[in-house]
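**Student:** Structure below; questions to follow.
The values are calculated or read from the model by the stated rules, or taken from the named source; none is laboratory data. The shown structure was predicted, so the numbers you read here are calculated from the model rather than taken from an experiment. Note that we place each Cβ from the backbone using ideal geometry, even for glycine, and neighbour counts take in every protein chain shown.
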Amino acid sequence: MSTTPAPVLRAHAEQLYAEELAALARLDERPRPPNWRLSPQAVVTYLLGGRLADGSEVVPKYVGERRLIEVAVATLATDRALLLYGVPGTAKSWVSEHLAAAISGDSTCLIQGTAGTPEEAIRYGWNYARLLADGPSPAALVESPLLRAMRSGTLCRIEELTRIPSDVQDSLITVLSEKTLPVPELDSEIQAVRGFNVIASANNRDKGVNELSSALKRRFNTVVLPLPDSLDTEVAIVAQRAASLGRALELPAEPPAIEEIRRIVTIFRELRAGQTLDGRTRLKAPTGTLSTAEAISVVGHGLALAAHFGDGRLRAADWAASIEGAVIKDPVQDTLVWREYIETVARERDGWKDVYRACRDNGGWPA
């Protein structure tokens, strides 16, 4: 029987970019905070890309304003936690994962926030079989990702913080302020090792669901990640991530043409803004966010259709169904928004006849 491990569907950042991280660590001569694998400057280079002293290239993981990443990294070098905030699809989770990979070498200390996240997921739980047999003991304690990060002096990621119930959120206050986690059942506490910190993410569409208390807000330094500020920037992001996705999934398709990506991103940006790029036509905006992450998904789905049911080249017919699904979240309101866009914009735009036909054919509209 073969002992070769099966290829994973999605490698962690520290696995996928292990060579870059090793090269950065080898060439990094700047001071490093306690338990950091890289200096703050090298962490920023890892995220934003650049050329190293040995001539090797570091590919950018995030395309955006350098100062935002510098502020985020500087925050993690202090005793304040970091909150990445913004609309859905602005790469908050992506940035969080790569920050943890570069700083701690481990991005897997992760708590996924949901409406049902219990306090045990943040603090600790118990192995009830051992608890009943022997009573409270260190052996019966089940460590949370946060507790593991405190013991090892590494970063813990908390995704969708505002989805977590408010009383559970507030269990973080003692950890973030005192850097200790009391365990009253054992009459003891776990003190955080130097290097420990928290990266949380939240999106502004969830504002008011379980809004952070003022006491908890004060423990975070908030960095707002914006949507890409230009069409070219968003096209570059989608092209890079879509190509990476295609390689990871081993899709037998050609890399997506920039022209097709530009048309997809143009649709997203115009519907988000409520007007065409030239400002001449006002549009109704859909109920969804139409984020960059969704544009990447549209391209990825189109590549899969082109690879397995087409000639391997991404065309409008391949992504029409996926983009309609991305736009239409409300089956009544968004359907009207989408059809109006196709009839008033796509139909009249030079070079978009194939987009118009593909979207109409996919939607099954009456002739």
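**Student:** Which one is surrounded by the most Cβ atoms within 10 Å (Cβ to Cβ) among residues in segment 290-307 that are closer than 16 Å to residue 231 by Cβ and of a type in the set (Gly, Ala, Ser)?
**Tutor:** Only one residue tops the list, namely 295.
**Student:** Of all residues being at pLDDT below 85 and surrounded by 16 or more Cβ atoms within 10 Å (Cβ to Cβ) in segment 244-268, which is nearest to residue 291 (Cα to Cα)? Just the residue, please.
**Tutor:** My answer is 245.
**Student:** While we're here: Condition (residue is over 23 Å from residue 161 (Cβ atoms) and touching a helix residue (DSSP H, G or I) at 6+ places or on another chain (Cβ under 8 Å)) applied to segment 101-112: is it met by at least one residue?
**Tutor:** Yes; the residues of segment 101-112 include at least one that is over 23 Å from residue 161 (Cβ atoms) and touching a helix residue (DSSP H, G or I) at 6+ places or on another chain (Cβ under 8 Å).
**Student:** All but one of (1) farther than 22 Å from residue 147 by Cβ; (2) touching a strand residue (DSSP E or B) at 6+ places or on another chain (Cβ under 6 Å) hold for residue 80, so report the exception by its number.
**Tutor:** Failed condition: (1).
**Student:** Tell me, yes or no, whether segment 317-338 has at least one residue that is closer than 12 Å to residue 267 by Cβ, of a type outside the set (A, V, I, L, M, F, W, C) and outside the structural domain of residue 91 (by TED's automatic domain parsing).
**Tutor:** Scanning segment 317-338 turns up at least one residue that is closer than 12 Å to residue 267 by Cβ, of a type outside the set (A, V, I, L, M, F, W, C) and outside the structural domain of residue 91 (by TED's automatic domain parsing).
**Student:** Still on this structure, please answer the following. Which one of these is surrounded by fewer than 15 Cβ atoms within 10 Å (Cβ to Cβ), assigned by TED's automatic domain parsing to the domain that holds residue 308, touching a residue at least 40 places away in the same chain (Cβ under 8 Å) and β-branched (Val, Ile, Thr): 287, 276?
**Tutor:** 287
**Student:** Of all the strands (runs of 3 or more DSSP E) wholly in segment 116-220, which have at least 2 residues that are assigned by TED's automatic domain parsing to the domain that holds residue 95 and more than 30 Å from residue 293 (Cα to Cα)?
**Tutor:** In segment 116-220, 124-126, 141-143, 180-183, 188-191 are the strands (runs of 3 or more DSSP E) which contain 2 or more residues that are assigned by TED's automatic domain parsing to the domain that holds residue 95 and more than 30 Å from residue 293 (Cα to Cα).
**Student:** Right, next: Could you tell me whether segment 331-341 includes any residue that is over 13 Å from residue 287 (Cα atoms), surrounded by fewer than 18 Cβ atoms within 10 Å (Cβ to Cβ) and not hydrophobic (A, V, I, L, M, F, W, C)?
**Tutor:** yes
**Student:** Determine if segment 82-95 includes at least one residue that is part of a strand (DSSP E or B), over 18 Å from residue 46 (Cβ atoms) and among the small types (Gly, Ala, Ser).
**Tutor:** yes
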